[in-house]
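Undergrad: Can you keep this structure in mind? I'll have questions shortly.
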Amino acid sequence: MIVRIWHGWTTPAKADVYEGLLKEEIFVGIRNRRIRGYKGIQLLRRETTDEVEFMTIMKFDSLDAVREFAGEDYEAAVVPPNARAVLSHFDERSQHYEVRAELEA
């Protein structure tokens, strides 16, 4: 299993707009692509003093599945124009980790 982690930041005034865009449009679009080996996505949100940080954690069966999602340069961030419009800044590259152990409750 491969986990893809990415961060984006926006202002408190735009945070709810960005979260809604992710949940209602971007995540649905990813699911509708029906990428072989795509296992899902999580959204995390953290408010700091002057901005709001978002983290996405995507799960894939393999790097080939990640490439199907992101392209040959699979570490490049996939950030649609409408998301870029509300983000203050974001990771240009995503990090990928191999899951070596997992313990469920």
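The values are calculated or read from the model by the stated rules, or taken from the named source; none is laboratory data. Quick caveat: nothing in here was measured; it's all calculated off a predicted structure. FYI the Cβ positions are ideal-geometry reconstructions off the backbone, even for glycines, and counts take in every protein chain you see.
Undergrad: Considering only the stretch 49-105, state which residues are of a type in the set (Gly, Ala, Ser) and under 22 Å from residue 22 (Cα atoms).
TA: Once the filter is applied, which keeps residues that are of a type in the set (Gly, Ala, Ser) and under 22 Å from residue 22 (Cα atoms), the stretch 49-105 yields 65, 70, 71, 76, 77, 83, 85, 88, 94.
Undergrad: Looking only at strands (runs of 3 or more DSSP E) that fall completely inside the chain, which ones have 2 or more residues that are surrounded by 11 or more Cβ atoms within 10 Å (Cβ to Cβ), in contact (Cβ under 8 Å) with a residue 60 or more places away in the chain and in contact with a Phe, Trp or Tyr (Cβ under 7 Å, 6 or more places away or on another chain)?
TA: 2-10
Undergrad: Restricting to the stretch 20-70, count the residues that are at pLDDT below 95 and either in contact with a Lys or Arg (Cβ under 7 Å, 6 or more places away or on another chain) or on the phi > 0 side of the Ramachandran plot (or both).
TA: Of the residues in that region, 0 qualify.
Undergrad: Out of the residues in the stretch 53-78 that are touching a Gly at 6+ places or on another chain (Cβ under 7 Å) and not acidic (Asp, Glu), which is nearest to residue 43 (Cα to Cα)?
TA: 54
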